[in-house]
Amino acid sequence: MSEWRNPLRDKRDKRMPHIAGPCAVVIFGVTGDLARKKLMPAIYDLANRGLLPANFALVGFARRDWADEDFAKLVYEAVQAHARTPFRQEVWDRLAEGIRFAQGTFDDPKGYERLAETLQKLDAERGTGGNHAFYLSIPPNAFPVVCEQLKQSGLANQREGSWSRVVIEKPFGHDLQSARDLNAVVNSVFPEESVFRIDHYLGKETVQNILALRFANELYEPIWNNNYVDSVQITMAEDIGLGGRGGYYDGVGAARDVIQNHLLQLMALTAMEEPVNFGPGELQAEKIKVLSATQVMQPLDQTTARGQYAAGWQGSEKVVGLLEEEGFSKDSTTETYAAIALEIDTRRWAGVPFFLRTGKRLGRRVTEIALIFKRAPHLPFDKTMTEELGQNALVIRVQPDEGITTRFGSKVPGSAMEVRDVNMDFSYGSAFAEDSPEAYERLILDVLLGEPSLFPVNREVEFSWEILDPVLEYWASQGKPEAYESGTWGPQSADEMLHRMGREWRRP
Ligand code: BG6
């Protein structure tokens, strides 16, 4: 059963650190990039912050013929290379005592028997209490077989007084039908409240701050609607390329990789109504409502754009195009840039386009949500005095340089009444002494605490595919995406798309 408590009835002081209870985390896919760069370091960081219990255990499951020490060495190297917090020997020693390895392939029942024995031993020796989280950091085509084996071996059973949870990483399918099939497989083994789908954007501080900004303040909510907002732009730009990631990315593309999940979640948090509280049911219900009211604007040749990066300059580095990257087929039609215009059919948002865009090898790395406001209905100034006045904007800077910017017009000092745009900035770096935890720290801890609020449920995933499927089908019928030079802001068709709608992309 979920340990989630109703915040309305729960009178504990929420500022007290919430420490996970006794448990073991089993990672499938320990040699993958995600496990090395994010998961194992996040577990160490949690231990370092005192948020894991003394009787915590970490188990690796993989094909290699390894002893516990070999796996511990892998974890140690990952921690040394990627942990956020400083290395402390005593924290590592305590963590290392609970590190085990179970050898097996995903489809071999014997491997799962060994895993079950390892977990039983840990329960007996270390007091992990029969509480097990299975983290599937593996290719999605392996989800069904691993879930099935977890069921057959009894590891997925929910036993009285203990829990068994599964954590899955995106992609949650590649279209609506495959997502439904995947959800059916996962839910036939684990009840929905034991399924934790990771969308790591929801673990970011700045993303959770959307809720604080909107619902803890009186300043913004009155103007957070179509009376004042002209349009919303959600941008996730990356400067990195895709060399070496072809195995995952070729045939997937930017829309499936990040719009289906990260960007639609950002949109949902920006556009949803106020939940009664931040309990999982309440928050998810509001996100589901807004996703179910969202669709891509028509016609798709005018309201969508896609591109593929070609060679160019990334700062002072000369970089190759996608088709020359290792791991990509020479005639790949995979898009590395995607932009779509959405409409949300609710009273609050009718008539306000939401523009979502993402791309690799763009000018620089930046993720932001920008609310662009309508112009003042009347400007009582001489026309020449407001030539440099744009539209007011509220920009939530998700990363890097986390913070919020408000853009508004201000008088230029001098004898004339000239008005020009200025920015007012809030920056996490200067406002708070604390460093933000990594998204994975927060999310792994929430899995162990049984706090599902920050994890998308199956219906959110399915509605997101429902929004995206028509675009993907349309693009599939259109041949090659337009090439754009690396280091620029994407294909020309994306600029034209916005011009047609009388807007312009921000240049963050
Ligand atoms: C992942 C995508 O989900 O997010 C990657 O698969 C992308 O393609 C990454 O690079 C970006 O994450 P972040 O946290 O660095 O913005």
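Derivation of every value follows stated rules applied to the coordinates shown; laboratory data play no part. Values in this document were obtained by computation on a predicted structure and should not be read as measured data. Don't worry about glycine lacking a Cβ; one is built from the backbone with ideal geometry, like all the others, and counts go over all protein chains shown.
Entry note, region 384-441: relative contact order of 32 percent, from Cα contacts under 8 Å with a spacing of 6+ residues. Label sites at residue 408 and residue 185, each approximated as a point 7 angstrom past Cα along Cα to Cβ, lie 5.3 nm apart.
Note on residue 145 and residue 31: with the Förster distance fixed at 22 Å, the Cβ-Cβ geometry gives a FRET efficiency of about 0.75. Our helix-only sum for the chain, with -39,500 (n - 2.57) per DSSP H run of n ≥ 4 divided by its residues, gives a mean residue ellipticity at 222 nm of -9500 deg cm²/dmol.
In terms of the mean number of neighbouring beta-carbon atoms within 10 Å, the peptides 442-453, 144-155, 496-507 order highest first as 442-453, 144-155, 496-507. Only Cα pairs under 8 Å and at least 6 apart count here; give the relative contact order of region 405-496 as a rounded whole percent. Computed value for region 405-496: 13 percent relative contact order.
In this rough spin-label picture, where each label sits 7 Å from Cα along the Cβ direction, the residue 330-residue 476 distance is 2.6 nm. With a Förster radius of 22 Å applied to the C-beta separation of residue 87 and residue 125, the computed FRET efficiency comes to 0.25. Within the chain, the whole DSSP H helices whose Cα atoms reach 18 Å or more along their own axis and whose mean Kyte-Doolittle score is at least 0.0 are 176-189.
Close amide H pairs (under 5 Å, H built 1.01 Å from N) link residue 314 with 319, residues at least 5 positions away or on another chain. The gain in end-to-end length when the residue 379 to residue 97 segment is fully stretched comes to 94.6 nm, 0.36 nm per residue minus the alpha carbon separation. For the peptides 381-389, 361-369, the ranking by mean Cβ contacts within 10 Å, running from highest to lowest, is 361-369, 381-389. Per-residue 3J(HN,Hα) values for region 221-231, derived from phi via the Karplus relation 6.51 cos²θ - 1.76 cosθ + 1.60 with θ = phi - 60°, read 4, x, 9, 8, 6, 6, 5, 10, 8, 7, 6 Hz in sequence order (x marks Gly and Pro). For region 357-407, averaging the sequence separation of C-alpha pairs within contact (under 8 Å, six or more residues apart) and dividing by the residue count gives a relative contact order of 40 percent.
When you count the other C-beta atoms within 10 angstrom of each residue and take the mean per peptide, 405-417, 220-232 line up highest first as 220-232, 405-417. Close amide H partners of residue 230, meaning residues 5 or more places away or on another chain with modelled amide H under 5 Å apart, are 372, 373, 374.
Under a 5 Å amide H cut-off, with hydrogens placed 1.01 Å from N, residue 484 pairs with 308, 309, 310 among residues at least 5 apart or on other chains.
Projecting the Cα positions of 124, 62, 310 onto the charge dipole of the chain (unit charges on Cβ atoms of Lys, Arg, Asp and Glu, taken about the Cα centre) puts 124 furthest along the positive direction.
Checking the cross-link pairs 204/330; 204/374; 37/121; 37/73; 318/360 against a 25 Å limit on the alpha carbon distance flags 204/330; 204/374; 37/121 as lying beyond it.
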